[in-house]
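Beneath this line is the structure, given in structure tokens, with notes to follow.
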Amino acid sequence: MFIHSYQSFKTVYFISFLLLCLSLLICSISRADDSSPLLINKPAGLIGEYLSVFTETNQKLSLKEAKQIYQQGEFVRWDKPVLSFGIGVAPKWLVVEIENRAEKNISRRLIIEKSWLDQADISIVHNEQVIKQVHLGDAYPFAERSIEHRFFVFEHDYAPGINQLFIRVETPDPMVLPIFFGSREDSAKRDVFNSYSYGLLYGIVTALLLYNFILFIQLRLRRYLFYVIYLAMFILTNQSYTGHAFYLFWPHSVLWQQWMNPFLITLYAFSSIIFAFLFLHTERLFPRIFKITIIAGIALLILQLILFLMEAQSLTVIIAITLVMFFSFFTIFMALITLRYIPQEVSYFLIASIATLLGSTITAMTVFGVIPYSELSYRAIEVGLSIDVILLSIALAEQFRFLQKEKLLAENMARLDPLTGLFNRRAFYEVAEPIRHNALRYEHSMSLIIFDIDKFKLISVHP
């Protein structure tokens, strides 16, 4: 028995050893493949795993110094499709070797798919000579870009052989760098997809915004007004951090571009909590919580203004993102404690808040580099908010239907005598007035019969 167990143990150990050797071999092969250059005819896509990274420490490096450091092997190869370093980090140098095996120049586009980089300096080195240099970033007016695009685009005809592409990026905002490489046609296809997706998102939100604005005009209820403000802030915030606003609204204002992201995110979070409180009747049910939260929100807005004057941009971004996350959790908490008071209204709101929380959490974790970057994970907040605004509009429509039902019930009750259930004098006037006007208009005769019944309250009326 013992010998048999020992032999089994040796077999398992031997198989495990073989698997370990195989794993090491695969790793070594993959590492060797990782060190290979980016082929010019590689299918279009994100190229993070082909990039090597170096972090500046004390002073800004020149391109010559960065080349020397790269030749000394101090750059570290990245291992994911998208580079993500967090918020307020030191400037980074990136390098990728692009190999053109053809006998002629081939044109390719490189797009840094972020709109909030202060500096993005790109240089092409071929045969140890600097061929081309461009300086991009939102530290420059939008009108100065050679290629009109909401992201930072670098287009070049790559010569045969090895071309070294150096990129220096600097920003106090989240340094998340999805870098696309492909032909102009591939870039156009990617832009078309993004245009359709953003058009669908903005179309849905704008339609709901107009619908609820009409409801506010009719009902004059604050919750509809603040829902309209909440939707407007969402659209403007989204357009700001996706680069659409820089292109459309303030193409010449660098200051606005660099500071509007944290301010709009803060205003969006504040408008969302005010709408949530109005929807959940927090001012009536929990007046103390309502008052404290409003005061805290105003204090945070003032703090953001102070940080703006101090030029502490990274801190404003951290506060804004943290505020969105906190209010998402806090809104769910308020919905849960309100559930027993107005369960039918809160159920929609609770599901909508959870969708927003999941979306914003996934996006925040992607920005901070906690989870791997993908187009879906980065835009999860947009998916969550799309579900949120649709469910909240349904909830507001349900509230409108309930108000109309209550109004009709009150009007019907006003027409009935509470003791007998028969129509009262008000109902008589409502029915008789149209008949009288009709008779006068067409000169018809009209008769009126009046009964005076003593002790009428003793008569039992049955339907």
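Any read-out appearing in this document is the output of simple, stated calculations on the displayed coordinates, not a laboratory observation. The structure displayed is predicted, hence computed values, not measured ones. Cβ coordinates were reconstructed from backbone atoms using ideal geometry, including for glycine residues, and neighbour counts include every protein chain displayed.
Remarks
- Residue ranges 172-183, 320-331 sort as 172-183, 320-331 when ordered by packing (mean number of other C-beta atoms within 10 Å per residue, highest first).
- Calculated FRET value between Asp452 and Gln344, using beta carbons and R₀ = 60 Å, to 0.05: 0.80
- Linear extension gain, Tyr442 paired with Leu305, 0.36 nm per residue minus alpha-carbon span: 42.2 nm
- Kirkwood estimate for segment 198-411, i.e. one over the average of 1/r between Cα atoms, Å: 18.1 Å
- Taking the charge dipole of the chain about its Cα centre, with +1 at Lys and Arg Cβ atoms and -1 at Asp and Glu Cβ atoms, the residue from Leu285, Gly161, Ala364 reaching farthest to the positive side is Leu285.
- R0 of 25 Å, Cβ-Cβ distance Lys60-Ala143: FRET efficiency to nearest 0.05: 0.45
- About its Cα centre, segment 198-411 has a charge dipole of approximately 540 debye under the convention of +1 per Lys or Arg Cβ and -1 per Asp or Glu Cβ, with nothing else charged.
- Here each label is just a point 7 Å from Cα along the line to Cβ, and for Ile294 and Glu433 those points are 3.9 nm apart.
- Cβ crowding within 10 Å averaged over residues, with 276-284, 423-431, 444-452 ranked highest first: 276-284, 423-431, 444-452
- If the segment from Met325 to Leu358 were pulled out straight at 0.36 nm per residue, it would be longer than the present Cα-Cα gap by 10.9 nm.
- The chain - charge dipole about Cα centre, Lys and Arg +1 at Cβ, Asp and Glu -1, debye rounded to 20: 1160 debye
- Think of segment 42-183 as a dipole: +1 on every Lys or Arg Cβ, -1 on every Asp or Glu Cβ, centred on the Cα centre; then among Thr55, His135, Val96, Val96 lies furthest on the positive end.
- Span per principal axis, largest first, for the Cα atoms of segment 160-283 (Å): 69, 30, 27
- Using C-alpha pairs below 8 Å separated by at least 6 residues, the relative contact order for the chain is 13 percent.
- Considering only the chain, percent of DSSP beta bridges that pair antiparallel, nearest 5: 95 percent
- Counting only Cβ charges, +1 for Lys and Arg and -1 for Asp and Glu, the dipole size of segment 148-225 around its Cα centre is about 700 debye.
- Long-range Cα-Cα pairs in the chain (distance over 31 Å), rounded percent: 59 percent
- Axial C-alpha extent at least 24 Å, average Kyte-Doolittle at least 0.0 - helices from the chain (DSSP): 2-34, 184-219, 222-241, 254-279, 287-309, 313-338, 343-367, 380-415
- Selection of GluC sites (Glu not before Pro), segment 85-116, meeting DSSP coil and at most 16 other Cβ within 10 Å: Glu103
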